[in-house]
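J.: Let me give you the structure first, and then I'll get to my questions.
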Amino acid sequence: MYKIAVIGGDGTGPEVVAEGIKVLNAVSTTHNIKFEFEHFDFGGERYLRTGEVLPESAPETLKKFDAIFLGAIGHPDVKPGILEQGILLKLRFALDQYINLRPIKLYPNVETPLANKGPEDIDFVVVRENTEGLYIGSGGFLKKGTPDEVAIQEMINTRKGVERCIRYAFEYARKRNKDKKLTLSAKTNVLTYAHDLWWRAFNEVAEEYKDIKKDYAHVDATTMWMVKNPEWFDVIVTTNMFGDIITDLGAMIQGGMGIAAGGNINPEGVSMFEPIGGSAPKYTGQNVINPMAAIFAAQMMLETLGESKAASAIEKSAVNVITKMSSMSAGKMGFGTTEIGDMVAKGIA
Ligand code: IPM
Ligand code: MN
């Protein structure tokens, strides 16, 4: 029995999460796994109603669950930053979800903007550090609003934080067993302190993983190769900020935000899975948003919980439904949001 905390969130978040739950319920029957879902109303609506972004008790409450299923956070009437910092980043930090795992996989029949590249070329995973770097919210202003203004935003890299992320990536490359190659994506030529630490940690940990080919690419070159030769990548490990940027590029080459999923993972604690596309408020309530990303997030959740067979069953059914869809974009799928969820649920074997 798995206890799943559900945060539908804002905009189309609750709609896509509902389809993910539908698919989990289908897999529950076929694979004899029990789920208990508890819903939490964290998000923009709640904030506008109560003035509270996230209850103080939320992290402790959520720690009692086996996993968290998140829709999307982001509301057009709330100033940018408040919900992102107060809910999403707050939970990542408080639950020490130090890995952000983002598979970049092009499925058959999904359109990619890359010319002459197909599913055999686009299949890699980004391991993004998720609790440090430029995301810690440390810094400040001096003489704000004057011509002499100074803004400082600090980037923190701890040996412990960097090393646990790199170690996870090596383990992941080994378990994935594809090309057995791990690429560190950083900027050692400019960030000569912070990324020197990454470089040293990477090379030292690599000594324990002689079966994994180690590779390095500067982050700017990484974006170039992702477009030119995505087939070169197997697993990429990178910093929080760089990982944020390159995984949006990754989402585009795998067919767009309608299909891209991610996991905020604490390997020793509770992890949180989400479609990474955001709340897409303009599509709310129209049954036109693509639930595939949420369905793949549910798949990742099962994989992380150790339910590999059930996870594969979801992927198989989803991939089959994808071949029937005319597009991955909202409103152009050839089916409604709920129909797609129904089809994936029905196809679970
Ligand atoms: C993501 C998002 C978040 C991030 C935002 C919403 C804070 O872009 O999950 O990639 O930057 O990590
Ligand atoms: Mn992002």
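The values are calculated or read from the model by the stated rules, or taken from the named source; none is laboratory data. Here the structure is a predicted model, which means the values were calculated and not measured. All Cβ positions, even for glycine, are placed from backbone atoms using ideal geometry, and neighbour counts span all protein chains on display.
J.: Could you tell me which numbered condition I104 fails, if it satisfies all but one of (1) under 19 Å from the mean Cα position of the chain (by Cα); (2) in the same structural domain as A318 (by TED's automatic domain parsing); (3) within 15 Å of ligand 2 (Cβ to nearest atom)?
T.: Failed condition: (2).
J.: Follow-up question, since we're still on this one. Are any of the residues in the range 76-95 among the acidic types (D, E), assigned by TED's automatic domain parsing to the domain that holds V270, more than 27 Å from G243 (Cβ to Cβ) and assigned to a strand (DSSP E or B)?
T.: Checked against the condition, which is being among the acidic types (D, E), assigned by TED's automatic domain parsing to the domain that holds V270, more than 27 Å from G243 (Cβ to Cβ) and assigned to a strand (DSSP E or B), the range 76-95 yields no hits at all.
J.: Further question on the same structure: Quick one: which helices (runs of 4 or more DSSP H) sit completely within the range 239-336 and have at least 2 residues that are within 16 Å of ligand 2 (Cβ to nearest atom)?
T.: 240-253, 292-305
Per-residue answers, yes or no, for (1) surrounded by 14 or more Cβ atoms within 10 Å (Cβ to Cβ); (2) touching a His at 6+ places or on another chain (Cβ under 6 Å):
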{"position": "E163", "(1), (2)": "yes, no"}
{"position": "T188", "(1), (2)": "yes, yes"}
{"position": "W198", "(1), (2)": "yes, no"}
{"position": "N203", "(1), (2)": "no, no"}
{"position": "W225", "(1), (2)": "yes, no"}
{"position": "P230", "(1), (2)": "yes, no"}
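J.: Are any residues in the range 232-244 within 9 Å of ligand 1 (Cβ to nearest atom) and more than 23 Å from K175 (Cα to Cα), and if so, which ones? Full working, then the answer.
T.: Initial filter on the range 232-244 (within 9 Å of ligand 1 (Cβ to nearest atom)): 240-241, 243-244.
Those that are within 9 Å of ligand 1 (Cβ to nearest atom) and more than 23 Å from K175 (Cα to Cα): M241, D244.
J.: Take the conditions assigned by TED's automatic domain parsing to the domain that holds L182 and either under 18 Å from N264 (Cα atoms) or modelled with pLDDT of 95 or more (or both) and apply them to G118. Does it pass?
T.: Answer is yes for this residue.
J.: Collect the residues in the range 250-270 that are more than 12 Å from ligand 1 (Cβ to nearest atom) and out of contact with any strand residue (DSSP E or B) (no Cβ under 6 Å at 6 or more places or on another chain), keeping them in residue-number order.
T.: M252, I253, G255, G256, G258, I259, N266, P267, E268, G269, V270
J.: Return only the number of the condition from (1) among the aromatic types (F, W, Y); (2) within 21 Å of the chain's Cα centre (by Cα); (3) assigned to a strand (DSSP E or B) that Y168 does not satisfy.
T.: Status for Y168: all satisfied but (3).
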